[in-house]
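The values are calculated or read from the model by the stated rules, or taken from the named source; none is laboratory data. On a predicted model such as this, the values are computed, not experimentally measured, just so you know. Positions of Cβ are backbone-derived with ideal geometry, glycine not excepted, and every protein chain shown enters the neighbour counts.
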Amino acid sequence: MLALPLILAGGLTAAHDHEEAPATGEYAQAAGGEQGIVVVSAPEEIVSRQRLPQFVGISGATAGATGLSMNLVVIPPGAAAEPHTHSGYESVVYLLEGRVETRYGPGLKQSVINEAGDFLFIPPNVPHQPVNLSDTEPARAIVSRNDPNEQEHVIPYDPAADAAAQAGSPTP
């Protein structure tokens with residue numbers, strides 16, 4: 001295995017694996033206070049605002065990131081995220097495992113089906129809802145955003161209320 005240098009407080013250290021790297025979320029500092037590499041190992045599962053299991057890898061909170069986040073998201077068999085938007089932020093999804101239908105747009109009336117190996121780009125403020133098409137296997141994806149506070153700008157979306165507003169009728 002190729003040994004890459006990892007900047008630590010005491011100087012350079014060869015990082016062959018996570019055992020030699022700093023602990024989760026620990027900032028590696030070079031001499032003189034220059035920030036080095038941050039390793040986040042085995043993050044804990046949380047439930048996201050989209051009501052899905054999520055493992056926060058890189059974010060402002062875990063790594064001091066200032067312009068992005070990257071997480072592992074799991075959609076359980078037969079499950080779906082709560083419909084939502086990301087206010088002002090782009091999202092990129094790489095589907096590792098499974099088949100997912102992403103409903104999107106006003107009223108979630110459009111959809112695209114993705115399989116393992118597909119990349120998906122979601123522009124800012126686009127309503128969307130990923131749905132796992134398997135009743136037996138989870139879908140897993142790496143999700144990255146240009147938002148270091150990956151859950152701060154998640155806005156719930158109600159497709160029925162949006163459809164009613166577009167039709168000019170009051171919401172129920």
Discussion item. Quick check on region 41-50. Is at least one of its residues assigned to a strand (DSSP E or B) and crowded, with 16+ Cβ neighbours inside 10 Å?
Written reply: no
Worksheet item: Does A116 fit the bill of being surrounded by 14 or more Cβ atoms within 10 Å (Cβ to Cβ), at pLDDT 95 or above and of a type in the set (G, A, S)?
Response: yes
Worksheet item: Here is a list of conditions, (1) in contact (Cβ under 8 Å) with a residue 60 or more places away in the chain; (2) of a type in the set (A, V, I, L, M); (3) under 30 Å from A167 (Cα atoms), and L108 meets all of them except one; can you say which number that is?
Response: (1)
Response to the item:
Restricted to region 119-143 and to residues being out of contact with any Gly (no Cβ under 9 Å at 6 or more places or on another chain) and more than 13 Å from V100 (Cα to Cα), the residue surrounded by the fewest Cβ atoms within 10 Å (Cβ to Cβ) is F121
Practice prompt. Within region 19-42, identify whether any single residue is aromatic (F, W, Y) and either farther than 19 Å from P130 by Cα or modelled with pLDDT under 75 (or both), and answer yes or no.
Written response: yes
